[in-house]
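This report refers to the structure that appears directly beneath it.
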Amino acid sequence: MPIPRPFRPLLVPAIAALVIAGSPPMLSNALAAEMPSRLEVQAEAELHVVPDRATLSAQLWEHTPAIAQRKESANDPDALREARDRLEARAASLIRALEEMGLEREAIHAGSLNVQLEHLPGERRAEGEQETLIRTRLQRPVRLQLDDLEQLPRLLDALTEAGVDALDGVSYDLSDRDAATDEALIKALEKARHKASLMAETLDIELGEVITVSETRSPIFQPRMMAMSADARESAPRAEYRPGTISIEAGVSVSWAIRR
């Protein structure tokens with residue numbers, strides 16, 4: 001009697017291979033249905049705006065007489081009081097002059113009194129050592145807000161006539177920052193749409209609806225410090241001050257679906 005051979009499932013590998021061979025197209029179609037083709041574009045735009053507001057910072061200060069550091073009473077109360085009276089009188093005179101030239105009271109911000117001890121080099125003594133002098137500086141900051149830039153030269157002339165001890169500079173700004181940042185963002189979006197339309201026309205594809213949109217760079221507004229240019233010729237009647245422009249940059253990323 002012949003011995004039966006063991007059963008070998010020859011069809012199983014073939015069927016498995018057929019299933020495996022047919023899986024990739026099926027999976028690709030499923031993924032394609034779930035993840036439609038898209039066109040993604042990034043764009044950046046820069047907006048230059050002429051400022052219409054300025055903030056000016058100045059300093060007024062007075063000093064007490066310098067005395068030797070070795071003295072027991074370095075801060076003389078009478079000297080401090082006299083220096084403070086001179087400083088307050090100068091500040092009041094400056095504020096009156098600014099109001100007379102048409103500056104609103106709300107636009108004038110006079111800071112609080114600041115007292116600082118200063119060390120100065122003195123004369124050399126017989127022993128060869130250099131004596132150290134000390135004095136007290138009383139200081140008041142003044143900050144002015146100007147909505148009419150045409151008045152800036154007159155304002156600076158008034159500060160000069162008042163004898164300000166330091167001019168920290170002018171910071172140019174915009175009265176409506178939101179409108180400027182919105183315009184920069186719109187400009188970036190329009191540039192992204194133009195780029196996408198150009199790419200679709202060149203590649204002969206049709207754009208569908210917008211899938212995603214995001215900011216890659218939020219519009220940042222940075223006030224601009226004063227750029228002062230004075231004509232060095234003696235015939236020039238006055239110095240000329242030009243605000244220039246403020247730059248605002250914005251960036252976006254937009255993706256469109258590609259219609260089949």
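Near GLU88, once Lys and Arg are set to +1 and Asp and Glu to -1 for all other residues with Cβ below 14 Å from its Cβ, the sum equals +3.
Taking amide H atoms as placed 1.01 Å from N in the peptide plane, the amide H of GLY111 lies under 5 Å from those of VAL142, ARG143, each 5 or more residues away in sequence or on another chain. Check ASP168: other-chain or 5+ apart residues with amide H under 5 Å from its amide H, H built from backbone geometry? Amide H to amide H, under 5 Å and 5 or more residues apart or across chains, ASP168 pairs with SER57, ALA58, GLN59. Put a dot 7 Å past the Cα of ILE186, heading toward its Cβ, do the same for ASP52, and the two dots end up 1.5 nm apart. Take the alpha carbon gyration tensor of segment 53-173, find the square roots of its eigenvalues, order them as a ≥ b ≥ c, and report rounded if a/c is under 1.5; if not, report prolate when a/b exceeds b/c, else oblate. Here segment 53-173 falls in the prolate category. Can you give me the Cα centroid spacing of segment 171-221 and segment 135-153 in angstrom? Rounded to whole Å, the Cα centres lie 39 Å apart. Over segment 53-173, what is the relative contact order in percent, taking alpha-carbon pairs closer than 8 angstrom and at least six residues apart? Value for segment 53-173: 48 percent.
With r defined as the distance between the Cβ atoms of GLU118 and ARG154 and R0 fixed at 35 Å, what FRET efficiency is calculated, to the nearest 0.05? Intermediate values should be presented prior to the final figure.
Values: r = 34 Å, r/R0 = 0.96.
Calculated transfer efficiency: 0.55.
Here, each number is a calculation from the coordinates, and none is a lab measurement. None of the values given here were measured: they were computed from a predicted structure. Positions of Cβ are generated from backbone atoms using ideal geometry, with glycine treated the same way; all protein chains shown enter the neighbour counts.
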